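Worksheet: the structure to be examined is printed underneath.
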């Protein structure tokens, strides 16, 4: 009876979103991409067992941010709903926001106060000790010219924090102070329209920037860093001014689909909270190179197999960091580590499915490309694959092999030299479902049944796929 119920029930989906996933071919890799060069047997098997395509997270030709990409993938048109990323970062960091509040996605940065030049937009990626202390010092800081306004500051991850301003007459229609590149001047806050609210808000935020720098300048942490020859964190760059979204929940938009999100990156966590998608904790899961991917796999599997969720989104950040750091070996290493996480998820979900715990599916894609050649987001589409668990098990060589997958800690091997693995394919006789794609890469995905499609179509693909018999 359990097998019949499994067959009739819609599949529950583990949806893995790899930040900065896509890339371009590199001469140093014999004109392969990092994904083609990496050893990813589990992603290859997902591709071989299911359907593939190329995804433009928002639209073709657009180099998008993680926030607009996730908006689109979750089923919300960024052109209609996007109000700046500041509210996402601040809510994800734990700041409560009411209508009328404004917030910023912020960086601790190094400012040459004499010249006004931001010498480094990231004072230090390894800022997990100092960041919370500085945020506690800045939280509740007074604005002398605007005593009716209050400021909340919470630590996020690495060099990032959320900053929220509450008070009368505020609007998110202003610019920020972040020059977006190193060695450029700290920007002047400007109104983006002629309204009194925009002019007032620009004045409030300008003073906020000044008082934050004044407080940080004298802090003992910065004096210690200066004495040690480390970059000081004497400025907070304010960007992406945004207010809380007023939108239908994800469950309402997707016909009752119950979702949660594993995303230690605060901006993605806050974005999910804006749609009523609960944040799920994965102990040790961080938004950096030190993340515990095995913990993410375990938390995702437990949430799906408990019967409380229909879909779990798992966001992985480290691959994007490697792209921004222009580090090819790190990008390959973390792609391989994510592949191991998918293997662990496969085993844990299969143990539940064979025990009558329902049907499961796995989807894998990225939110945008961050090529190591460029060190920034670009407009290349990303590969997308989705498969049911039963054919995936067959592509992996059967239940016995799947149950041998280690559930121990996953360590990205970043110390070895780059090794070109090529594009290993699942043997043709093992391809049991879906299209003709037998390995997962930017070029192979283009041959898939799904073709090239936009982020707004993703949830429709997922909803239809989960109802199909494996």
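Things worth noting here:
- Length-normalised contact order for region 297-389 - Cα pairs under 8 Å, 6+ apart - percent: 29 percent
- Cα convex hull, the chain: 141 Å³ per residue, rounded to a whole number.
- Potential extension, residue 126-residue 24 segment - 0.36 nm per residue separation minus Cα distance: 33.9 nm
- What the Cβ-Cβ distance of residue 115 and residue 306 gives, at R0 = 56 Å and to the nearest 0.05, is a FRET efficiency of 0.50.
- As a proxy for reagent exposure, 117, 268 were ordered by neighbouring Cβ count within 10 angstrom, fewest first; the result is 117, 268.
- For region 111-152, the Kirkwood hydrodynamic radius comes to 12.7 Å, computed from all pairs of different C-alpha atoms.
- Region 87-242: relative contact order as a whole-number percent, Cα under 8 Å and 6+ apart: 31 percent
- Euclidean distance of C-alpha centroids, region 370-384 and region 12-74, integer Å: 9 Å
- Taken as Cα centroids, region 281-334 and region 138-197 sit 30 Å apart, rounded to the nearest whole angstrom.
- Value at 222 nm in deg cm²/dmol, rounded to 500, when DSSP H runs of n ≥ 4 in the chain each add -39,500 (n - 2.57): -9500 deg cm²/dmol
- Rounded tilt (10° steps) of 328-354 against the dominant C-alpha axis of the chain: 50 degrees
- Percent of beta bridges antiparallel (DSSP, the chain, rounded to nearest 5): 60 percent
- Evaluated at q = 0.09 Å⁻¹: base-10 log I(q)/I(0), Debye formula over Cα of region 1-140: -0.53
- Among 288, 320, 172, the ranking by other beta carbons within 10 Å of each residue's beta carbon, starting with the fewest, stands as 288, 172, 320.
- Between helix 293-305 and the chain: long-axis angle, C-alpha atoms, 0 to 90°, nearest 10: 70 degrees
- Solution diffusion estimate, µm²/s, Stokes-Einstein, region 87-242, Kirkwood Rh from C-alpha pairs, 4 °C, viscosity 1.567 mPa s: 84 µm²/s
- Sorted by Cβ density within 10 Å, fewest first, the residues 468, 319: 468, 319
- For the chain, the longest principal axis of the Cα atoms and the long axis of helix 196-217 meet at an angle of about 90 degrees.
Read-outs throughout are calculated quantities, based only on the coordinates presented, and are distinct from any laboratory measurement. Values in this document were obtained by computation on a predicted structure and should not be read as measured data. Because the Cβ atoms are built from the backbone with ideal geometry, glycine has one as well, and the counts that use them run over all protein chains shown.
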